[in-house]
């Protein structure tokens, strides 16, 4: 019973996260934010071939992943990564960065 309750709670929590991820951000503001914070490790500009940190994927590569959506990016940005610092982004910053990354999706 406890496992079922946890599953239901997780489902509703992710549903709320997905709804927040669908809110449109300002891609230009997201690009500027990424340049100021993320560019130390990631190639954030679309024309950069490689990231400064060899294990950090370029933003273009992240955007090109099959199935990459705003919801997926929201989850990725909320999930700790071994080599990535724990970032706490304000909701607006997160929406903006997500909006920017999605502009890099291949057409």
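The values are calculated or read from the model by the stated rules, or taken from the named source; none is laboratory data. Owing to the predicted nature of the structure, the values given are computational and were not obtained by experimental measurement.
Would you confirm whether or not the range 71-83 contains a residue that is outside any helix (DSSP H, G or I) and within 18 Å of residue 28 (Cα to Cα)?
Checked the range 71-83: no residue is outside any helix (DSSP H, G or I) and within 18 Å of residue 28 (Cα to Cα).
Give the residue that is nearest to residue 69 (Cα to Cα), with candidates limited to residues of the range 1-37 that are at pLDDT 95 or above and not in a helix (DSSP H, G or I).
Here the residue is 25.
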